[in-house]
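Below: one structure, written as structure tokens.
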Amino acid sequence: MLSEAETLNTIDRDKGNFHFKEDYAYDAGVGLTEETIEYISKVKKEADWVRQFRLKALDVFRRKPNPTHWATKDLENIHYDTIRYYLSKGQQPSRSWDEVPDDVKETFERLGIPESERKFLAGVEAQFDSEAAYSRMKDDLEKEGVIFMGSTEALEKHPEIFKPYFGKVIPTGDNKYSALNSAVFSGGSFIYIPKGVKVKQPLQAYFRINAESFGQFERTLIIADEGAEVTYMEGCTAPKFETSTLHSAVVELVALKDAKIQYITVQNWSNNVFNLVTKRAMAEEGAEVKWIDCNIGSRLTMKYPGVVLKGKGARGEVLSIALANDGQQQDTGAKMIHLASDTSSNIIAKSISIGAGQSIYRGQVHMPKDVKGCKNNTECDALLINTNSRTDTYPAITVTGEGNSVQHEASVSKVSAEQIFYMMQRGLDEGQAMSLAVNGFVNDLIKAFPMEYSVELKRLIEMEMEGSVG
Amino acid sequence: MIPNTLVNNTLNHLEGPSYIEERFSSDPTWVLKERLDAWERFSALAMPTRKDEQWRFATVNRTLLDEVELAMPNEGLLKASTELPAAREALMHFHFVDDVLVTEPEMPEALVRQGVIISSLKDALIHHEAAIRPWLFQNTTELGSGKFEYLHRALVSNGLFVFVPKNVEVSGHIAATYEVTGERTASFPHTLVVAQDHARVQILDSYLTASDAQGSYVSASAHVHVDQGARVERTAIQNTNISTNLFQLDSGFVSRDAEFQSTAINLGGKKARYENQVSIEGSGSNAKMYALTVADGKQEFDQRTFQTHTAPNTFSDLLYKNALMDQARTVFSGLIRVGDDAQQTDAYQTNRNILLDASAEANSLPGLEISANDVKCSHGATTGKLSEEELFYFLQRGIPPRIAKHLMVTGFLEEVTEKMRPSALRAAQNLPSRTWGHPLSSFLAFR
């Protein structure tokens with residue numbers, strides 16, 4: 001095992017903070033109008049229904065106000081008319097790293113993507129601004145009928161599979177940002193796992209913002225057919241620009257009868273990114289959906305992964321870790337909508353606020369009249385490191401029906417002086433002791449992540465903790 | 001029936017300023033000014049909608065204020081409808097019928113000598129103007145019902161004023177019963193309690209409506225000021241009939257080393273909105289907020305609470321328990337706010353709901369906003385059914401299901417009743433029952 005100091009030396013703490021000069025073949029310009037959408041649709045050579053879908057969404061986006069009556073006023077600092085909505089080099093996703101343009105390849109190499117692909121992934125997609133630069137899946141999966149491609153390609157090649165579910169789990173009008181995404185979406189992963197196919201290694205997507213004032217709006221739709229199983233991971237980084245950047249994704253998961261989907265996010269955007277993401281899954285009879293959501297970066301994150309438990313005996317789970325440092329607001333949470341009997345859900349959310357950081361848990365659990373025997377368990381724990389750190393908790397729980405039960409617990413605390421004293425008395429300095437205590441706080445949750453991610457996560461947390469004591 | 005000189009003059013159509021100037025012409029000018037000011041604010045504020053965050057999950061009747069009229073009681077016709085249990089053990093009992101005092105409570109001579117004031121609000125404005133002036137109309141709800149609070153302030157005509165000077169302990173409780181007898185009548189009960197440093201006092205407020213008083217509107221307000229080292233307990237029992245629209249907009253202020261316990265028993269009403277905010281503003285202070293609710297039929301209980309900690313070394317504990325039957329609905333929305341300077345705060349908030357029928361609905365929104373780090377704060381919310389195992393145990397002992405369930409609900413609520421003083425609990429137990437099969441107060445365990 002590496003010592004603390006060695007561990008910190010081996011990782012590049014600002015590894016996302018670099019960018020290459022911009023030379024884009026396609027650029028939809030600044031601001032959002034009907035022309036922007038026509039341009040995107042034309043570049044992508046989309047079917048007319050997709051274009052219509054986009055135009056309708058633009059209308060919804062314009063009509064919906066920012067939800068500042070319950071969310072932060074910081075949303076008003078997003079200037080939609082100064083954002084660039086589509087940028088691409090005109091690349092087709094390459095199947096081999098050798099074909100990827102040098103600067104893009106170097107970007108992903110510096111982030112360690114090809115290396116992880118070789119080590120433990122079943123498939124990788126790497127998105128650079130609006131479009132994927134690289135997309136590859138192991139050959140045997142392709143033979144089994146697994147589909148893993150970008151949104152444009154998938155809607156063009158397999159409309160019969162994706163169109164019935166596209167925009168159904170998260171309708172355009174769900175919120176202002178899902179409408180925005182529906183209008184200008186580009187990139188993301190569309191995945192179909194056929195009946196009974198169990199993908200053993202995870203599929204991964206990597207999202208990268210390279211250009212300043214650029215908004216990334218990827219769209220992901222994962223369908224696991226009856227009895228299928230899949231794990232999907234996503235990571236995101238962006239350089240630290242002067243101006244703020246917007247990332248607004250829509251992620252829809254469909255788990256058909258007895259299917260299992262696990263969706264893992266490690267969000268490490270730089271601290272100028274507004275990260276406003278809508279994620280929801282639909283779980284049919286006996287299906288299981290697990291969201292593992294880790295938010296470390298961004299200026300403001302608003303994200304509440306949800307599961308609509310639509311079939312009898314379906315299970316939903318959200319495990320969430322949020323870390324808010326100076327100037328950051330992590331407004332995260334979970335939604336569990338129990339629409340069928342004997343469904344169960346579990347939410348475990350842990351947050352750490354450092355310096356003037358603010359973390360918020362916002363949740364919804366809903367059990368309507370005609371369901372029976374449903375269960376939900378929610379635990380939220382918040383850790384406050386400094387005297388000026390802040391945490392808020394806002395759950396909303398509605399229960400009716402027969403034999404349904406919900407329990408919600410939340411607690412707020414700081415690292416106890418006794419713990420720190422004990423560790424210091426054993427020879428650790430205060431910073432190390434604090435870091436260890438914080439790692440202990442999130443340890444149960446981190447264990448739920450795949451090994452490679454949990455190591456990375458622990459390091460990220462250690463880095464964020466640096467300088468927070470004293 | 002009470003003759004009403006304002007026929008067809010509902011609250012929304014009232015010529016506020018001229019009505020206020022005429023009806024309250026004998027008020028001191030500063031009170032009159034407050035009333036007119038409040039009326040203006042009331043008129044300027046829009047009716048809340050469910051889209052307002054503070055009205056989430058609530059059923060809002062947009063035409064509520066078009067449906068009720070002001071009581072203009074003929075004092076000669078009024079008398080207490082029943083001998084009330086709250087009266088029996090009270091040190092003093094104020095019984096208001098349609099906002100008119102119908103009893104003549106006598107103040108013990110010893111308390112008069114110590115400078116204690118226990119008076120109806122109306123008399124206090126005449127005889128104790130200097131004592132009441134710093135406190136009256138000083139506080140407004142922050143929990144969403146501002147419009148209704150201003151209306152209350154503009155039109156309140158009576159209530160209870162208790163002022164306990166430094167180091168005086170009032171033994172036994174002071175009771176006020178507010179009863180409405182008129183149909184579609186508005187009533188504005190007001191309780192104002194000031195306990196100066198190290199004083200002690202207990203208050204018991206009861207809100208009732210006569211069974212034939214259909215569609216009344218009761219907008220009660222209670223403000224309790226607990227100065228340094230003082231101790232105040234206030235219990236509010238609400239058992240209005242099931243056609244009543246009720247608001248209870250309460251606030252408490254707890255200074256250094258002071259203690260305040262607020263307990264609510266909620267049984268009646270068609271829609272009952274209860275806003276309870278306690279400001280914990282002195283180091284070493286301690287606030288407790290307890291409530292139990294038994295909801296059945298189509299009743300809706302909408303409870304909003306707020307625990308604000310602004311000083312270090314403070315403690316607060318909240319426990320709201322709801323038992324729901326039939327198609328009843330409850331909303332519990334609570335918030336603990338711990339300010340930057342309130343280090344070493346312990347604050348707790350618990351909401352427990354038990355659903356006895358499949359069509360009952362419990363909503364729970366327990367919230368925390370914490371800006372200090374050296375704190376112990378937690379909240380918990382649970383909603384569930386009666387335990388099958390416990391029920392099985394009763395049945396296996398030969399106790400029929402109906403009685404077993406009754407006992408289990410009684411047991412569920414006992415966690416709140418055991419925190420009440422026996423005298424307050426007895427008052428609740430002996431409440432006149434409403435029109436249904438069994439008196440709800442039978443759920444309140446004897447001790």
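Structural remarks
- Total residues in region A:20-54, condition over 28 Å from residue A:241 (Cβ atoms) and buried (at least 16 other Cβ atoms within 10 Å of the Cβ): 4
- Candidates A:211, A:183, filtered to the one that is under 27 Å from residue A:245 (Cα atoms), of a type in the set (A, V, I, L, M, F, W, C) and not in a loop (DSSP other than H, G, I, E, B): A:183
- Test: residue in region A:385-394 that is within 10 Å of chain B (Cβ to nearest Cβ), in a strand (DSSP E or B) and touching a Ser or Thr at 6+ places or on another chain (Cβ under 7 Å): yes
- Looking only at region B:316-337, residues that are under 18 Å from residue B:258 (Cα atoms) and either surrounded by 19 or more Cβ atoms within 10 Å (Cβ to Cβ) or within 12 Å of chain A (Cβ to nearest Cβ) (or both) come to 2 in all.
- The residues in region B:356-408 that are more than 7 Å from chain A (Cβ to nearest Cβ) and at negative phi can be counted, and the count is 24.
- Conditions (1) within 17 Å of residue B:329 (Cα to Cα); (2) more than 7 Å from every other protein chain (Cβ to nearest Cβ); (3) surrounded by fewer than 22 Cβ atoms within 10 Å (Cβ to Cβ); number of the one not met by residue A:402: (2)
- Any hit, region B:212-224, residues being touching a residue at least 60 places away in the same chain (Cβ under 8 Å) and in a loop (DSSP other than H, G, I, E, B): yes
- Extreme residue, surrounded by the most Cβ atoms within 10 Å (Cβ to Cβ), among residues of region A:247-259 that are out of contact with any Ser or Thr (no Cβ under 9 Å at 6 or more places or on another chain) and part of a strand (DSSP E or B): A:255
- Lone qualifier among A:340, A:356 - being over 22 Å from the mean Cα position of the chain (by Cα) and within 16 Å of residue A:310 (Cβ to Cβ): A:340
- Whether a residue is more than 9 Å from chain B (Cβ to nearest Cβ), more than 20 Å from residue B:331 (Cα to Cα), in contact with a strand residue (DSSP E or B) (Cβ under 7 Å, 6 or more places away or on another chain) and buried (at least 18 other Cβ atoms within 10 Å of the Cβ) was assessed, and residue A:359 passes this test.
- Of all residues in region A:415-436, those being within 13 Å of chain B (Cβ to nearest Cβ) and buried (at least 20 other Cβ atoms within 10 Å of the Cβ) number 2.
- Pick from region B:279-293, criterion assigned to a strand (DSSP E or B) and small (Gly, Ala, Ser), ranking: farthest from residue B:341 (Cα to Cα): B:291
- For residue B:437: the one exception among (1) modelled with pLDDT under 85; (2) buried (at least 19 other Cβ atoms within 10 Å of the Cβ): (2)
- Residue in region B:138-153 that is in contact with a helix residue (DSSP H, G or I) (Cβ under 7 Å, 6 or more places away or on another chain), more than 16 Å from residue B:224 (Cβ to Cβ) and among the small types (Gly, Ala, Ser) present: yes
- Identity of the residue in region A:374-384, buried (at least 21 other Cβ atoms within 10 Å of the Cβ) and more than 27 Å from residue A:357 (Cβ to Cβ), that ends up farthest from the other protein chains (Cβ to nearest Cβ): A:374
- If the condition is being in contact with a Leu (Cβ under 8 Å, 6 or more places away or on another chain), among the small types (Gly, Ala, Ser) and part of a strand (DSSP E or B), then region A:350-381 contributes A:351, A:353, A:359.
- Any hit, region A:453-460, residues being part of a loop (DSSP other than H, G, I, E, B), without any contact (Cβ under 8 Å) to a residue 24 or more places away in the chain, away from every other protein chain (no Cβ under 14 Å) and charged (D, E, K, R): no
- Helices (runs of 4 or more DSSP H) fully within region B:117-191 that include at least 3 residues being surrounded by fewer than 22 Cβ atoms within 10 Å (Cβ to Cβ): B:121-127, B:129-132.
Here's the yes/no breakdown for (1) on the phi > 0 side of the Ramachandran plot; (2) modelled with pLDDT under 70; (3) not hydrophobic (A, V, I, L, M, F, W, C):
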position: A:73; (1), (2), (3): no, no, yes
position: A:88; (1), (2), (3): no, no, yes
position: A:100; (1), (2), (3): no, no, no
position: A:117; (1), (2), (3): no, yes, yes
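- When the strands (runs of 3 or more DSSP E) confined to region A:283-343 are screened for residues that are among the small types (Gly, Ala, Ser), those reaching at least 2 such residues are found at A:315-324, A:329-338.
The values are calculated or read from the model by the stated rules, or taken from the named source; none is laboratory data. Please read these numbers as outputs of a predicted model, since none were measured by experiment. Because the Cβ atoms are built from the backbone with ideal geometry, glycine has one as well, and the counts that use them run over all protein chains shown.
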